[in-house]
Amino acid sequence: MAKFRRKTCIILSLFILFIFSLMMGLKMLRPNTASFGTPFGLDLLPELHPPKAPLGNKVDFQKSDRINMETNTKNFEAAGMTVRPPKTSEGNLEELPPLNYFLHVFYYSWYGNPQFDGKYIHWNHPVLEHWDPRIAKNYPQGRHTPPDDIGSNFYPELGSYSSRDPSVIETHMKQMCSASIGVLALSWYPPDSSDENGEATDHLVPTILDKAHKYNLKVTFHIEPYSNRDDQNMHKNVKYIIDKYGSHPAFYRYKTRTGHSLPMFYVYDSYITKPKVWANLLTPSGSQSVRNSPYDGLFIALLVEEKHKDDILQSGFDGIYTYFATNGFTYGSSHQNWANLKSFCDKNNLIFIPSVGPGYIDTSIRPWNTQNTRNRINGKYYEVGLSAALQTHPSLISITSFNEWHEGTQIEKAVPKRTTNTVFLDYRPHQPSYYLELTRKWSEKYSKERMTYALDQQPPAS
């Protein structure tokens with residue numbers, strides 16, 4: 001009897017040990033829980049916060065801790081224990097499914113390095129001061145110093161590249177193609193204009209169009225809030241874009257329900273300009289009207305606050321997009337509001353374009369903005385956003401972003417990197433191509449679901 005009890009105890013102990021080991025293994029495989037922080041952060045947006053104080057003198061920003069925002073990067077042990085997904089081959093493009101021209105991605109060509117540009121551009125982004133001096137004094141100031149210290153919490157597989165490098169542009173097109181993205185929305189400033197941290201990039205458009213065409217991609221334009229943007233210079237710039245680039249086979253046009261094929265223009269920070277000014281450009285009776293002219297198009301407004309809905313109607317816009325990758329940052333970027341926004345758009349014959357991002361972290365350039373960080377949770381955050389977008393049955397979906405590295409919204413390949421002072425975030429336990437693979441998966445899903453509710457199944461006109 002004692003021998004039987006001893007045998008039973010041994011078996012029971014082994015069973016308990018097995019269960020314990022199984023539970024620990026599952027715990028290591030389970031994505032970390034995300035913290036969704038403060039619901040709103042409109043202080044970051046133009047015209048919605050006090051003026052920023054000027055930048056101070058340079059200090060050593062490299063010692064700032066970039067690890068604590070993404071727990072999956074801290075756990076190096078877990079990275080080695082998780083099964084990695086099969087690798088997608090960018091070289092075998094013929095094996096990939098057709099591109100989804102109803103899936104757009106925001107693309108930035110503002111990066112530079114000494115080899116191609118004579119200096120670093122954007123990778124050396126300044127650390128932005130908080131507008132409240134009492135808060136600003138608690139954080140470092142100065143500029144990043146590439147190539148090992150860049151204005152990003154992640155590090156690109158291509159390094160601190162130049163957007164002027166043709167091989168970089170081609171690699172980007174291959175990556176988009178591998179993700180089944182059909183359209184890139186190119187950040188655009190007028191010739192001889194740029195953002196405050198960059199240089200003019202319009203001269204790169206012909207190369208981008210050529211490389212996009214090589215991979216059957218289309219290019220649309222994301223009009224940035226250049227200095228003194230108004231109805232008159234917008235008319236001039238729309239005319240410039242269509243006249244100069246409109247005949248290129250990669251120039252994107254969207255076929256409407258009425259059968260018209262029109263260029264599309266995303267208009268970033270559209271709310272800064274008063275509705276009556278936009279109406280001059282976007283309504284048939286406006287003094288600068290493009291309507292029913294060779295320069296007509298689909299103009300997509302950025303909706304930030306709920307009150308912007310009425311402004312957008314008065315302005316004469318053709319649709320709305322939400323841009324921001326931080327769920328809860330604005331009314332427009334909050335997934336819970338997308339169903340209402342889609343209903344509003346349907347009621348007013350507008351195109352609703354929800355914007356989805358893989359995560360958000362900008363503490364390398366805004367170290368005080370931790371409340372808006374969104375952990376990627378090994379891809380779960382991205383998939384939740386894509387699922388929320390698909391539930392609204394949208395005509396189009398936009399991805400924020402392909403390569404906005406400053407805000408950590410990129411799906412471009414990133415690699416592990418550490419320096420003496422910095423450990424960059426990465427996509428481990430997955431491969432550098434993980435977010436391209438997830439995009440491809442959801443692009444296929446969206447394409448199939450869209451066929452069940454949309455009438456415009458044909459690809460865009462060339």
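In the range 221-271, of all residues being touching an Asp or Glu at 6+ places or on another chain (Cβ under 8 Å) and of a type in the set (A, V, I, L, M, F, W, C), the one that is surrounded by the fewest Cβ atoms within 10 Å (Cβ to Cβ) corresponds to LEU262. Return the residue satisfying two criteria in turn: it lies in the range 315-344 and is assigned to a loop (DSSP other than H, G, I, E, B) and of a type in the set (Ser, Thr, Tyr), and of such residues it is most open to solvent (accessible area, probe 1.4 Å). Of everything passing the filter in the range 315-344, TYR331 is most open to solvent (accessible area, probe 1.4 Å).
Scanning the range 177-203 for residues that are within 26 Å of GLY151 (Cβ to Cβ), aliphatic (A, V, I, L, M) and buried (at least 16 other Cβ atoms within 10 Å of the Cβ) turns up ALA179, ILE181, LEU184, ALA185, LEU186.
In the set (1) closer than 19 Å to SER270 by Cα; (2) open to solvent by 30 Å² or more (accessible area, probe 1.4 Å), LYS347 fails one condition alone, (1).
For the range 335-371, filtering for residues that are over 17 Å from GLU404 (Cα atoms) and among the hydroxyl-bearing types (Ser, Thr, Tyr) leaves 2.
The listed residues are ARG450, ARG428, ARG418, ARG440, and the only one of them that is open to solvent by less than 10 Å² (accessible area, probe 1.4 Å), basic (Lys, Arg) and at pLDDT 95 or above turns out to be ARG450. Looking across the range 115-133, just one residue is open to solvent by less than 60 Å² (accessible area, probe 1.4 Å) and on the phi > 0 side of the Ramachandran plot, and that is HIS122.
Conditions tested, residue by residue: (1) in contact with a Leu (Cβ under 7 Å, 6 or more places away or on another chain); (2) farther than 30 Å from GLY142 by Cβ; (3) part of a strand (DSSP E or B).
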position	(1), (2), (3)
SER187	no, no, yes
SER193	no, no, no
ASP210	no, yes, no
SER227	no, no, no
TYR240	no, yes, no
SER247	no, yes, no
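As a summary of the residue check, PRO367 satisfies the conditions (1) assigned to a helix (DSSP H, G or I); (2) touching a Phe, Trp or Tyr at 6+ places or on another chain (Cβ under 9 Å) except for the one numbered (1).
Please verify whether ALA389 is at negative phi, of a type in the set (A, V, I, L, M) and in contact with a His (Cβ under 9 Å, 6 or more places away or on another chain), treating the condition exactly as stated. Considered against the rule, which asks whether it is at negative phi, of a type in the set (A, V, I, L, M) and in contact with a His (Cβ under 9 Å, 6 or more places away or on another chain), ALA389 comes out as yes.
State yes or no: is ARG257 touching a residue at least 24 places away in the same chain (Cβ under 8 Å), in a loop (DSSP other than H, G, I, E, B), within 20 Å of CYS345 (Cβ to Cβ) and among the basic types (Lys, Arg)?
yes
Considering only residues that are under 20 Å from HIS406 (Cβ atoms) and within 19 Å of the chain's Cα centre (by Cα), which ones fall in the range 172-196? Of everything in the range 172-196, those that are under 20 Å from HIS406 (Cβ atoms) and within 19 Å of the chain's Cα centre (by Cα) turn out to be HIS172, GLN175, MET176, LEU184, ALA185, LEU186, SER187, TRP188, TYR189, ASP195. Scoring LYS239 on the criteria (1) closer than 23 Å to TYR111 by Cβ; (2) at pLDDT 95 or above leaves a single failure, condition (1). Flag set for SER167, criterion: part of a helix (DSSP H, G or I), out of contact with any strand residue (DSSP E or B) (no Cβ under 6 Å at 6 or more places or on another chain) and of a type in the set (Gly, Ala, Ser). Filtering the range 112-122 to residues that are under 23 Å from the mean Cα position of the chain (by Cα) and free of Cβ contacts under 8 Å to residues at least 60 places away in the same chain leaves ASN113, TYR120. Are any of the residues in the range 134-146 surrounded by fewer than 17 Cβ atoms within 10 Å (Cβ to Cβ), out of contact with any His (no Cβ under 6 Å at 6 or more places or on another chain), part of a helix (DSSP H, G or I) and of a type in the set (Val, Ile, Thr)? Checked the range 134-146: at least one residue is surrounded by fewer than 17 Cβ atoms within 10 Å (Cβ to Cβ), out of contact with any His (no Cβ under 6 Å at 6 or more places or on another chain), part of a helix (DSSP H, G or I) and of a type in the set (Val, Ile, Thr). For the structure I just gave you, tell me whether SER387 is among the small types (Gly, Ala, Ser), open to solvent by 10 Å² or more (accessible area, probe 1.4 Å), modelled with pLDDT of 95 or more and in a helix (DSSP H, G or I). Against the criterion (among the small types (Gly, Ala, Ser), open to solvent by 10 Å² or more (accessible area, probe 1.4 Å), modelled with pLDDT of 95 or more and in a helix (DSSP H, G or I)), SER387 qualifies.
How many residues are hydrophobic (A, V, I, L, M, F, W, C), in a loop (DSSP other than H, G, I, E, B) and in contact with an Asp or Glu (Cβ under 8 Å, 6 or more places away or on another chain) when one looks only at the range 390-429?
The qualifying residues number 2.
What are the residues in the range 280-309 that are open to solvent by less than 20 Å² (accessible area, probe 1.4 Å) and either part of a helix (DSSP H, G or I) or within 20 Å of GLU224 (Cβ to Cβ) (or both), if any? Correct list: LEU281, LEU282, VAL290, GLY297, LEU298, PHE299, ILE300, ALA301, LEU302, LEU303, VAL304, HIS308.
The values are calculated or read from the model by the stated rules, or taken from the named source; none is laboratory data. Only a predicted model underlies this, so the values are computations on that prediction, with no experimental measurement involved. Note that we place each Cβ from the backbone using ideal geometry, even for glycine, and neighbour counts take in every protein chain shown. For accessibility, only protein heavy atoms count, side chains too; no ligands or nucleic acids. Shrake-Rupley method; radii C 1.70, N 1.55, O 1.52, S 1.80 Å.
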